[in-house]
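K.L.:
Following this message is one structure expressed as structure tokens.
The values are calculated or read from the model by the stated rules, or taken from the named source; none is laboratory data. Predicted model only: the values in this text are computed from it and were never measured. Positions of Cβ are generated from backbone atoms using ideal geometry, with glycine treated the same way; all protein chains shown enter the neighbour counts. When the accessible area is computed, the model is the full protein with side chains, heavy atoms only, and any ligands, DNA or RNA have been set aside. Shrake-Rupley method; radii C 1.70, N 1.55, O 1.52, S 1.80 Å.
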Amino acid sequence: MDTVQTSDERTCAELELLRMLEEADENVRAGCIAPMENTFSALRDSLLQRKQQ
């Protein structure tokens with residue numbers, strides 16, 4: 001079943017996307033990003049440490 005978006009719904013979705021992109025851009029400019037591989041490695045290490053305790 002196809003979903004039909006109203007003009008208002010589409011506008012709201014577009015505004016939300018723009019807000020998310022602006023927030024992401026601010027994070028990049030502020031240096032608040034890290035490679036995904038590093039993030040998951042740190043998370044994996046943290047979980048393994050908890051498991052060993």
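K.L.:
Under a point-charge model restricted to the Cβ atoms of Lys and Arg (+1) and Asp and Glu (-1), what is the dipole moment magnitude of the chain relative to its Cα centre, in debye to the nearest 20?
P.N.:
560
K.L.:
Another one. Given R₀ = 35 Å, what would the calculated FRET efficiency be for Ser41 paired with Arg19, taking r from the Cβ atoms and rounding to 0.05?
P.N.:
0.70
K.L.:
Also: At 1.4 Å probe size, with the rest of the protein present, what percent of the exposed accessible area of the chain is carbon and sulfur atoms?
P.N.:
55
K.L.:
Now for a different question. Given Cα positions, please report Rg to Rh for the chain, the hydrodynamic radius being the Kirkwood one.
P.N.:
1.29
K.L.:
On a 0 to 90 degree scale, rounded to 10, what angle separates helix 36-52 from the longest Cα axis of the chain?
P.N.:
50
K.L.:
Could you provide, to the nearest whole Å², the per residue accessible area of the chain with probe 1.4 Å?
P.N.:
For the chain, the per-residue accessible area is 102 Å².
K.L.:
If you fit an axis through the alpha-carbon atoms of helix 7-29 and take the longest principal axis of the Cα set of the chain, what angle between them do you get, 0 to 90°, nearest 10?
P.N.:
Tilt of helix 7-29: around 30 degrees.
K.L.:
How far is it, in nm, from the label point at Gln5 to the one at Ala34 when both lie 7 Å from their Cα along the line to the Cβ?
P.N.:
Modelled inter-label distance: 3.4 nm.
K.L.:
Taking the dipole about the Cα centre of the chain, with the C-beta of Lys and Arg at +1 and of Asp and Glu at -1, give me whichever of Ala13, Asn27, Gln49 is farthest to the positive side.
P.N.:
Looking along the dipole axis, the top candidate is Gln49.
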